[in-house]
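Heads up: the structure comes next, in structure tokens.
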Amino acid sequence: MTASPVRMNPQKQPHTQAKVVTLSTPRSSVARRPFPQWLSALAGHILPPLVTLAFLLVLWEVICSSPTASVPPPSRVVSETWELIVHPFYVGQGVDQGLFWHILASLKRVALGYCLAAIAGIALGALVGQSDWAMRGLDPIFQVLRTVPPLAWLPLSLAAFKDGNPSAIFVIFITAIWPVIINTAVGIRNIPQDYRNVARVLRLNQFEYFTKIMIPAAAPYIFTGLRIGIGLSWLAIVAAEMLIGGVGIGFFIWDAWNSSRMSDIILALIYVGMVGYLLDRAIASIAKVVTRNTLSA
């Protein structure tokens, strides 16, 4: 009698699968997360100047609310200049124009005089910065002429051109050229010697050295001079137009003063400041593109 082997079926152990628990953020909250950050950054840039402006306006309103105040409060400025604000494109006879046309006329004069100053200033600055002889001969003359106030050139330019418009353009030119010359010369003199050695190794001619080495290396300095020049140009044109007459924001301010329209003067000054800021930002933006963000705005 043989015993049959007994098969012992082992009891199956339960198979336990490990479950990975992931904490996932709902898609809607992920999409919304950058918005508060962007809003917070925007508020951080906009709120401080708005709060400061509101405080200054309230302070101005309180100080000038007296009937004997010589300067009108903001509420009165808005009410008295409302027609100028809502109708900037008004076209009348002679100098009776909207503020847009006065500002545009001033900008045309600034653009022409400033462009001439930029071209001549960069060329003369490159000459002074590259040549020791030019530096010794021209720099003392430049240092003397740049201290002459811009309006002091106006009688001489009126005598030479016999017309107010080219005289104003010349005043812009002679005002803006000095910072461009000086900063360009400084930038070229600070070009690293390694750049000059590379130009010698590559045997670049004078034109290639000027366009590929000199101007790119000195670009941050050049644009610093251009930014200073555009600000001085806008300041000078407003002062010059007060004397030459015709359509222009400077003449508008002077005419408003002669007519005792203080609110018109305040509105024009606000526009002058805004346009000057936009001009500076425009040159700064061009500088950041040309210098590849090496120049801080």
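Within region 79-97, track down each residue that is farther than 27 Å from Glu61 by Cβ and open to solvent by less than 100 Å² (accessible area, probe 1.4 Å). Result: Val91, Gly92, Gly94, Val95, Asp96, Gln97. Here Thr291 passes the criteria (1) in contact with a Pro (Cβ under 8 Å, 6 or more places away or on another chain); (2) surrounded by 17 or more Cβ atoms within 10 Å (Cβ to Cβ) except the one numbered (2).
Out of Ile191, Ile222, one residue alone is over 15 Å from Ile103 (Cα atoms), outside any helix (DSSP H, G or I) and either of a type outside the set (Asp, Glu) or more than 21 Å from the chain's Cα centre (by Cα) (or both). It is Ile191. When region 191-218 is limited to residues that are exposed (fewer than 15 other Cβ atoms within 10 Å of the Cβ) and of a type in the set (Val, Ile, Thr), the one that is nearest to Val180 (Cα to Cα) turns out to be Thr211. Ser233 satisfies every condition listed in (1) modelled with pLDDT under 85; (2) open to solvent by less than 60 Å² (accessible area, probe 1.4 Å); (3) under 17 Å from Val180 (Cα atoms) except (1). Return the residues of region 58-78 that are within 17 Å of Ile265 (Cβ to Cβ) and open to solvent by 60 Å² or more (accessible area, probe 1.4 Å); say none if nothing qualifies. Within region 58-78, Trp60, Ser70, Ser75, Arg76, Val78 qualify.
Any idea how many residues of region 122-163 are within 30 Å of the chain's Cα centre (by Cα), not in a helix (DSSP H, G or I) and not polar (S, T, N, Q)? Total satisfying the criteria: 3.
If you go through region 98-110 and keep only what is open to solvent by 50 Å² or more (accessible area, probe 1.4 Å) and either assigned to a loop (DSSP other than H, G, I, E, B) or free of Cβ contacts under 8 Å to residues at least 24 places away in the same chain (or both), you end up with Phe100, Leu104, Lys108.
State whether the residues of region 129-150 include one that is within 27 Å of Ala217 (Cα to Cα), hydroxyl-bearing (Ser, Thr, Tyr), surrounded by 12 or more Cβ atoms within 10 Å (Cβ to Cβ) and free of Cβ contacts under 8 Å to residues at least 40 places away in the same chain. Within region 129-150, one or more residues are within 27 Å of Ala217 (Cα to Cα), hydroxyl-bearing (Ser, Thr, Tyr), surrounded by 12 or more Cβ atoms within 10 Å (Cβ to Cβ) and free of Cβ contacts under 8 Å to residues at least 40 places away in the same chain. Among the residues making up region 151-172, those that are open to solvent by 30 Å² or more (accessible area, probe 1.4 Å) and closer than 12 Å to Ile244 by Cα are Leu151, Pro155, Leu158, Lys162, Asp163, Asn165, Pro166.
The values are calculated or read from the model by the stated rules, or taken from the named source; none is laboratory data. Here the structure is a predicted model, which means the values were calculated and not measured. For neighbour counting, all protein chains shown are included, and Cβ atoms are generated from backbone atoms with ideal geometry for every residue, glycine included. Quick note on the areas: whole protein, heavy atoms, side chains included, nothing else; ligands and nucleic acids left out. Shrake-Rupley method; radii C 1.70, N 1.55, O 1.52, S 1.80 Å.
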